[in-house]
Amino acid sequence: MPSYQLLLAEALFGATVISGFALFLARSRQRKIRLSTTQAASLASDLNQDDPFNVTKPEDFISGEPIDEDAFWLKMRNRKSLLVLLSAVILVLEGVSLGWSAYSDGQNTLAEHIFRTTFGLYVGVLVIRSVTPDRHSESVIHITALTFFSSVLHFVASILPSSDSISAHNPQAFPPLLAFWYSKTALYTLTFAIIATTPRGPPLHFSPSFIYSKKTIDDTTNKSYENVCGLPNASVIDVLFFRYVTRVIQLGTSVSVEIGDLPIIPVNMRATYQFFRVRTNLRANPLKPGWDLAWRLISINKLAFTAEIILAVAAAPMWFGSPFFVRKLIAYLEDDPGRLNKGWGWVYTFGQFACLVIVAQLNSQMWYFATSVIQIRLRAQVNTMLFAKTLVRKDVVSSGTSPSDEGNDKKSKTADGENKEKDEEENEFSSKAQVMTLMTTDVDRIAEFSYHLFAITDSPIEIVVGTTLLYSMLGVSCFIGLAVICLFLPLNHLAGKVVITTQDNLMKARDERVSLMNEILGGIRMLKFMAWERSFEKRVMKIRERELKYQKLNYKIEARFREASPLIVTLVCFWHFAVWRQQTLTPSIAFTSMLVFNEMRFAMNALPETFINLLQVHVSLKRIGKYLQLTEVEPIPSLSAAPAINTIAVQSANITWPRDRSADSSAASTPRHKFMLVDLALKFPEGQLSLVCGKLGSGKTLLLLALLGEADVLTGQVICPRSPPDALASFADQKVTQEEWIVPGVCAYVPQAAWLRNASIQDNILFGLPLDEERYHKTLEVCALISDLKILEDGDQSEIGERGVNLSGGQKARVSLARAVYSRASILLLDDVLSAVDAHTAHHIYSKCIKGELMHGRTVILVSHHVQLCLTGASYVVALDNGHLLFAGEREAFEASPVKGTLVQTIGGTDKERDTASTSKSPSVSAGHSPVATLVQDDVEPDPISETSSTVVNEPQANVGRKAPRKVVEDEKRAVGRVSRDVWELYVKSFGAYGYWAWFLSVLALGALCPVAENWWLKIWSGSSTEEAEAKGPVYYIVVYAAITLTGVLFSTYRFFVLYNGSIHASTVLYQQLLETVLFAQIRFHDTVSRGRLLNRFGKDFEGIDSRLADHFGRSLIFALSFVVTVVSVTLASGVPSLIAIILLGFLYYDVAKNYGQAARDMRRLDSVARSPLYSIFGETIAGAPILRAFGASSKFLRDMLRCVDTNINPYYWQWAVNRWLSTRFDLLSAATVGMIGLIAVSTPTISAALAGFALSFAGGMTWTLLVLVRRFVGLEQSMASTLAYCVALERVKEYSELKREPPEFIEPRPPASWPDRGIIRCENLVVRYAPELPDVLHNLNFEVHPGEKVGILGRTGSGKSTLALSFFRFVEATEGSIIIDDQDISKMGLSDLRSKLTIIPQDPTILSGTLRSTLDVFDEYEDAEIFEALRRVHLIPSDTADDVVEIEGVEVNVNVFRNLESPVSEGGENFSTGEKQLLCMARAILKRSKVLVMDEATASVDYATDELIGKTIREEFANSTILTIAHRLRTVIDYDRVMLLDQGKIVEFDPPAVLLSDPSSQFYGLCQATGENEFAMLKNLAGV
């Protein structure tokens, strides 16, 4: 009979008690939960019923619907019947045994059988209890645990050598007893096998439409109805070995996997559920500054954190189980070299195997919680928190004060330091890129902390357990060794400090680079027009150099401290043990100590690393906490909650641009040098049109933003209804009649710079509302969009590119207007909607739209310069000037007041110079203007302007039969299959030439051989005979050991230095390559690729390549070499049997790794692709938050964002799950390998104890090496991370580095330096088309422009005006014919030579952030005096010195910012109005002084008075230059030398205006006539007819 029977029975009885107690606790907890959930549910519903951001629906709280439930439970009943039968047989056997023991004497025997019978009975009860479905899952877990425990104990008892007397009864007394014992063992094992594979619930189905977008669902190829992750209902074995992931692994074998093919993750991992939890928590108690955010995140995820920590605590001591048994095994081999008694040998081998399996399981589950649960939840929670905050945060982006203001203000010298700090804090999130960094880098950093967290609990326990084990072997010597670690601590601390400073600087440089890249990509058109690519490339590379300098420093510190400390500790221990204390070093001590030290090395290294990570997370949490504390807009009650007030009034208010005052006690303090609207009192009439007018920069946009609640009201009151955040979401499903369409109290806002989504035109107009065909078509009609849609190939299904790149300015403005007209708002705020369209269209929009039937009964507040046109229908007029109210009242009173005269066109073009027209300008105040005429044929609907805004716009002339709409912004590509060879080649070559690789590989090889030499020497030392050891003395052995160890340290550290030097070189080369290709790519590429995606390449992808790829690439090589060396060593040590075992296991390894490889790559790629839409919606929302709030679209966008998060989380979740799948299998194979080598050592007497120690110390390491190698090479483990992740990044970078480039910058012979010196332009037979397969846009143009001639170019959309302008800069190349400027054919010269010598002032003004000086004089070429002169010429600074400055509370406000060249320019120039930006572009052109100037609607957003002054400036400043002006405004070109009329790409008329006006049959005559009687007379007068 096997031994230890009573102990076994007691253990089983103990397990019964624990299980029963756990069940009792679970029941009472369930009762409590039921009670508390009803209370919590009522509390949550109280909290959430008035929360407009509560976007949850009932389906957000279920994992899925069960599939074929009845069939499942029937199957389970059959299975349970079998289990009941097995339990009954076990009970019968236990009963018989119990009866026999009662009959025979012996107390021990009776107690043993009573315990066993109780256990059997309890298992039987659980099996019967599990038949009811609601107790099925719980019972399955308990039965599995108990039967597993029983099976393992029986197995252990059966292999233990019988050396005790406990319960070793004499089976002769009752012969069947032994047979019974083995039968019960077999039955328990069979019961375990059945119950462990029993699913805990039926498979589930969840409708993909609840969680994915239509596009994701359409792309799905896997049509399986069972589409929810198997985890909630998987069997215990499936959970432990991640078998539910096998489905995903099998998907990896198909050609290409899409996100919709992956199983949907369980409910508790989805974004909506996580957002609901966070939102409920934050609404119950608002967030406080400091550590509160961290505590909130911990408390929301406390169960998952607790599980991770418990698993870490359980696993920590188990890591030393294997070394403990290795020591026992080697000691056994030392004591019994002839293997006479193998019993204990088998026990120790099995013990080692069991320890490895247990620790692998604990570790796998711990990592699952860390990566797949906590990390993903944190990511979803923090992202949704930030997004929800962005939707309510006051938009303070455009309010940075300038540094010089701080210094110049004498009154506040004392507060200067304070202000600077506050300003820095305020500006921390002032640019959109900085807010994006929070949502990307900072969120990732917080989420990734989950897998550094376990080290905090795991490492101290490991150090304590490891030290105890070492003490039992080495005695006091182990403390001497550990004391050495204390010497390393100050160094580590110092390194930590340096790392943090470096990391900080690195992040700053990275932020600066990404910010600059963002601007460059946003203004790429301007850069190309100016031929500034090289200069900006230098700028970026300068920042890049600084960034890589910090990266290199980071690497150096890492390499220096990585390898040294643990090896030196081992060396000191052995020296003290063998030399100082003169002890004998035996193999069992030597090799076990090595294993323990290796294990402790992880703990020692992990702690400082975790500490550094903790500090980084603290920084990120602080940043996010600060952002969450920023000022918010006033909350708005829902429509049902508050009665609709339609009054719109301003009562003696002082209004300024929003500032973040979260940290400021005096909320109403007057901001210094800020623009303000002073003492306004207005009351807008309900249901009528009100007109707001005023000169450029007078504060009109600020007034509208104040009505929307977006500005800061310092004193007084602003009353205006605002849309609740959930307004749009509540309308989405409503079917209403036309009469009920308008909802009182809802607003719509049309900003001056149109904000459009990257979606179809129809989606942009509907904006989430249901389609009402009749209303929709009427809206298109009144917004003059019908004819545009005819031109566009896909009509209203045409996709709008990012930031509307493929629409002209007028089209963007009218789509933006159509959105407001179609909306259900009763109040419309329109900011300068008429400035981007021509006169005829302006008339059409005014009469048919603003005064049309769709606006009937709606309150409309219109900002416009089009005073004459809009006065007729306005019932209330407001006139502003530099923040002051000039007039507010009825139309009649306005017409009689002198104010009107300053705001309408001058009659007769007199030279009344109104310098006051643009006295002082304010940051970010918008203005506008309206063009006055266009080429209109009576029978043709007017068209929008078309300018140089895009290369995508005019192509599709041919309106072929409808097919699927074309994508403007192409879908992100992702490679399929393995990372291709040329990607690796690119990376390897970028490191360095052959010499570098020869050196690097030789250093690597030496590094890999050192551990073998080290272990081999230990084998010689510990295996030497006593005589030999005494003869040579311990000093001899320790000196050689020290030499080998120190050489190892040297090589293992040096190889990283070599690697990192190569890596920095590679990062520089690759970045420069990508930057150059993108900067010099054809403009068409920039029109079709979203900026977010490009930034993703330059940002996220390069962050991976810089900071991680080299590490993983190098380590892959290190582990590969190490593996080869290990296999050879083990084979040499333990002979042929181990080689056979390794080969057999090798096949299994290969199979697992191959399956894993493809799935891991697919998950990684899907994750990369799924990030882009998420970043896009972040970007769109950050840019358009005020518009979303105005329309009440916040909660709709929040729901869209949650959908994007779910789409992104899914591949990320499976990426980690696939990883766990691999580790679990590798860990099992690893345990099997070590077990086999142990068995071979026990059964082969020729293997000495020292040799067995050598083999075992390598075998344990070998499988770990292999796991990390496969993972690094193929998969993605960010903590021990993976090359593949970054190879995908590399793959994406390579894809963009091979773009088609523009023609060369320079072609020899280059044109003379003075070219063009006269400005003669000749076009000869010019034919242009956008692509070979598309029709011609310009047909055989022939014309000549004389030196210094001013030519106006007129024509309707699609007539080829833009194309002609783009041809001069070779944005589109001539298909036939040529353009010759001053005798030089432009197609035969380099692009930089051409573009740097011509100047264009585009309609879409692009200015870069920085200061006024850096914007106007990008490369420091001009003196201040010249810049001021240019600003005076464009009337941004008045010619006289007087300035209209106001003082309030002794503080100057509304100062002209253009007087100070250090005035700040925010990102994209947002703190200036569109008109001001156009004038700045004009000033830049004046500084450049080209002989040839092309103007494209260059003063479209400037008021009339200023425009006339600008016209005069152009005539004076560019008197000797040749000017081509694309215009809709006839006044602009009427006094030009000649005008050219284009129609369908052909020149219709080309003559002086006077000649054309003398001929009533000319089209130009008809054009002028269409402007109305007064204007026509005026034009004739100006033309001198």
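Below is a table of values for the structure above.
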{"item": "Criterion: over 30 Å from Ser897 (Cβ atoms), out of contact with any Pro (no Cβ under 7 Å at 6 or more places or on another chain), assigned to a strand (DSSP E or B) and in contact (Cβ under 8 Å) with a residue 60 or more places away in the chain - qualifying residue of Ala754, Ala729, Ala748, Ala681", "result": "Ala748"}
{"item": "The stretch 581-621: number of residues that are of a type in the set (S, T, N, Q) and in contact with a Lys or Arg (Cβ under 7 Å, 6 or more places away or on another chain)", "result": "4"}
{"item": "Some residue of the stretch 574-581 being small (Gly, Ala, Ser), buried (at least 19 other Cβ atoms within 10 Å of the Cβ) and farther than 30 Å from Tyr1071 by Cα", "result": "yes"}
{"item": "Selection within the stretch 1054-1102 - surrounded by fewer than 22 Cβ atoms within 10 Å (Cβ to Cβ), among the acidic types (Asp, Glu) and either farther than 19 Å from Glu1295 by Cβ or in contact with a helix residue (DSSP H, G or I) (Cβ under 8 Å, 6 or more places away or on another chain) (or both)", "result": "Glu1076"}
{"item": "Pair list, Cβ under 8 Å, 6 or more apart: the stretch 504-523 residue over 13 Å from Glu1467 (Cα atoms), other residue among the β-branched types (Val, Ile, Thr) and open to solvent by 30 Å² or more (accessible area, probe 1.4 Å)", "result": "Asp504/Val619"}
{"item": "Pick from the stretch 593-633, criterion open to solvent by 30 Å² or more (accessible area, probe 1.4 Å) and in a loop (DSSP other than H, G, I, E, B), ranking: nearest to Trp295 (Cα to Cα)", "result": "Gln629"}
{"item": "One residue from Thr384, Thr272, Thr349 being more than 32 Å from the chain's Cα centre (by Cα), open to solvent by less than 30 Å² (accessible area, probe 1.4 Å), polar (S, T, N, Q) and farther than 23 Å from Arg601 by Cβ", "result": "Thr349"}
{"item": "Meets criteria (farther than 22 Å from Glu1030 by Cβ, open to solvent by less than 30 Å² (accessible area, probe 1.4 Å) and touching a helix residue (DSSP H, G or I) at 6+ places or on another chain (Cβ under 7 Å)) for Ala590", "result": "no"}
{"item": "Condition met for Leu1541 (under 21 Å from Ser808 (Cβ atoms), open to solvent by less than 30 Å² (accessible area, probe 1.4 Å) and not in a strand (DSSP E or B))", "result": "no"}
{"item": "Inter-residue pairs, beta-carbon under 8 Å, first at pLDDT below 95 and in the stretch 182-197, second of a type in the set (D, E, K, R) and open to solvent by 40 Å² or more (accessible area, probe 1.4 Å), 6+ apart", "result": "Ile194/Arg79"}
{"item": "Members of the stretch 1109-1130 found to be buried (at least 18 other Cβ atoms within 10 Å of the Cβ) and either on the phi > 0 side of the Ramachandran plot or β-branched (Val, Ile, Thr) (or both), listed by number", "result": "Ile1118, Val1125, Thr1126, Val1127, Val1130"}
{"item": "Asp1087 under 20 Å from Glu537 (Cβ atoms) and charged (D, E, K, R)", "result": "no"}
{"item": "Selection count, the stretch 1298-1325, where residues are under 49 Å from the mean Cα position of the chain (by Cα), over 20 Å from Asp1496 (Cα atoms) and not in a loop (DSSP other than H, G, I, E, B)", "result": "1"}
{"item": "Matching entry among Thr246, Thr253, Thr280 (being more than 22 Å from the chain's Cα centre (by Cα), of a type in the set (Ser, Thr, Tyr), surrounded by fewer than 17 Cβ atoms within 10 Å (Cβ to Cβ) and in a helix (DSSP H, G or I))", "result": "Thr246"}
{"item": "Selection count, the stretch 534-560, where residues are within 25 Å of Lys497 (Cβ to Cβ) and either acidic (Asp, Glu) or in contact (Cβ under 8 Å) with a residue 24 or more places away in the chain (or both)", "result": "16"}
{"item": "Wholly within the stretch 1368-1434, helices (runs of 4 or more DSSP H) carrying at least 1 residues that are over 30 Å from Gln811 (Cα atoms) and in contact with a Leu (Cβ under 7 Å, 6 or more places away or on another chain)", "result": "1412-1416, 1424-1433"}
{"item": "The stretch 208-243 - residue that is more than 25 Å from Leu1198 (Cα to Cα) and of a type in the set (Ser, Thr, Tyr) and, of those, surrounded by the most Cβ atoms within 10 Å (Cβ to Cβ)", "result": "Ser235"}
{"item": "Asp1507 open to solvent by 10 Å² or more (accessible area, probe 1.4 Å), within 22 Å of Lys1361 (Cα to Cα) and in a helix (DSSP H, G or I)", "result": "yes"}
{"item": "Qualifying residue in the stretch 1553-1567 (condition: in contact (Cβ under 8 Å) with a residue 12 or more places away in the chain, within 30 Å of Tyr1330 (Cα to Cα) and open to solvent by 10 Å² or more (accessible area, probe 1.4 Å))", "result": "yes"}
{"item": "Qualifying positions in the stretch 1338-1348 - at negative phi and either open to solvent by 20 Å² or more (accessible area, probe 1.4 Å) or at pLDDT below 85 (or both)", "result": "His1339, Asn1342, Glu1344, His1346, Pro1347"}
{"item": "Test result for Leu571, touching a Phe, Trp or Tyr at 6+ places or on another chain (Cβ under 8 Å) and not in a helix (DSSP H, G or I)", "result": "no"}
{"item": "Test: Val125 is out of contact with any Phe, Trp or Tyr (no Cβ under 9 Å at 6 or more places or on another chain), without any contact (Cβ under 8 Å) to a residue 24 or more places away in the chain and hydrophobic (A, V, I, L, M, F, W, C)", "result": "yes"}
{"item": "Meets criteria (of a type in the set (A, V, I, L, M), in contact (Cβ under 8 Å) with a residue 24 or more places away in the chain and closer than 30 Å to Leu1239 by Cα) for Leu1188", "result": "no"}
{"item": "Selection count where residues are within 16 Å of Lys328 (Cβ to Cβ) and part of a loop (DSSP other than H, G, I, E, B), scope the stretch 577-592", "result": "1"}
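For every residue, the table says whether it meets (1) modelled with pLDDT of 85 or more; (2) open to solvent by less than 40 Å² (accessible area, probe 1.4 Å); (3) more than 14 Å from Tyr188 (Cβ to Cβ); (4) touching a helix residue (DSSP H, G or I) at 6+ places or on another chain (Cβ under 9 Å).
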site: Asp105; (1), (2), (3), (4): no, no, yes, no
site: Thr109; (1), (2), (3), (4): no, yes, yes, yes
site: Ile114; (1), (2), (3), (4): yes, no, yes, yes
site: Gly120; (1), (2), (3), (4): yes, yes, no, yes
site: Arg129; (1), (2), (3), (4): yes, no, yes, yes
site: Pro133; (1), (2), (3), (4): yes, no, yes, yes
site: Val140; (1), (2), (3), (4): yes, yes, yes, yes
site: Thr147; (1), (2), (3), (4): yes, yes, no, yes
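This table checks each residue for (1) in contact with a helix residue (DSSP H, G or I) (Cβ under 7 Å, 6 or more places away or on another chain); (2) open to solvent by 10 Å² or more (accessible area, probe 1.4 Å).
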| position | (1), (2) |
| --- | --- |
| Gly1360 | no, no |
| Leu1364 | no, no |
| Ala1374 | yes, yes |
| Ile1381 | no, no |
| Gln1384 | no, yes |
| Asp1393 | no, yes |
| Lys1397 | no, yes |
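The values are calculated or read from the model by the stated rules, or taken from the named source; none is laboratory data. Since we're looking at a predicted model, the values are computed, not measured. Don't worry about glycine lacking a Cβ; one is built from the backbone with ideal geometry, like all the others, and counts go over all protein chains shown. Heavy atoms of the whole protein, side chains included, go into the accessibility calculation; ligands, DNA and RNA do not. Shrake-Rupley method; radii C 1.70, N 1.55, O 1.52, S 1.80 Å.
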